[in-house]
Amino acid sequence: MLLGLRTATYPVRDLAASKKWFASVLHAEPYFDEPFYVGFRVAGYELGLVPAGDGESDQITYWGVADADAALQCLIDAGAEPHSPATDVGDGIRLGAVREPSGNLFGVIANPRFDLSEVSVESPGPGR
C-alpha cells in the first residue's frame, strides 16, 4: 500500500521566522508560500511548515499512496485511530492522517503530481 516517503510537515509558532530559517538552511526559497502552508522541495521531496496556532504540535510524515481514502480505512481497520479524514488540498492532492497504536501521527498522501524522476540524491544542506 505504501509507495514511499513524500512529505514531512512541521508545526511552527512563527511562520515567517521559520520560513526564513529553513530557506537559509536549505539554500532555497519555498516553491509554495501561503499563510496556511509553506512548502520547500528538498531532493525531490517536500518539507512543509504549517502554523501551529490551533494547538496542534505533532510533526507529520506523509507516506505516498494511490488512494488516500482506501489507505486510511486500511490503517483504521488495522487498529489506528482516525485523526484527519482524507481532504483535497488542491491540484488533485488528497491527504489525511491516523494515530497509530503508539500514539504517533501517520499521514498518507495521494499526489498525482509527485514524480520520482525528480528525486535527486544531492541536496544543498547546511554543510554545503
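Using Cα atoms only, what is the angle between the long axis of helix 15-26 and the major principal axis of the chain, expressed in degrees (0 to 90) to the nearest 10?
In the chain, helix 15-26 runs at an angle near 70 degrees to the longest axis.
Among bridges DSSP assigns within the chain, what percent are antiparallel (round to 5)?
75
Taking amide H positions as placed in the peptide plane 1.01 Å from N, state which residues far from Asp33 in sequence (5 or more) or on other chains have amide H under 5 Å from it.
Those qualifying (amide H under 5 Å, at least 5 residues apart or on another chain) are Gly39.
Full-extension gain between Phe36 and Tyr10, please, as 0.36 nm times their residue separation minus the C-alpha to C-alpha distance.
Here the answer is 8.1 nm.
With an 8 Å Cα cut-off and a minimum separation of 6 or more residues, compute the relative contact order for the chain in percent.
26
Does anyone have the angle between helix 68-77 and the longest principal axis of the chain? Alpha-carbon axes, 0 to 90°, nearest 10?
That helix lies at roughly 50 degrees to the long axis.
Rounded to the nearest 500, what is the chain's calculated 222 nm mean residue ellipticity when only DSSP H runs of at least 4 contribute -39500 (n - 2.57) each, over all residues?
-5000 deg cm²/dmol
Pull out the extension gain between Asp69 and Ser24, defined as 0.36 nm times the separation in residues minus the alpha carbon to alpha carbon distance; nm, one decimal.
In short, 12.6 nm is gained.
A short reminder: the numbers here are calculations on the coordinates, not readings from a lab. Everything quoted here is computed from the prediction, not taken from an experiment.
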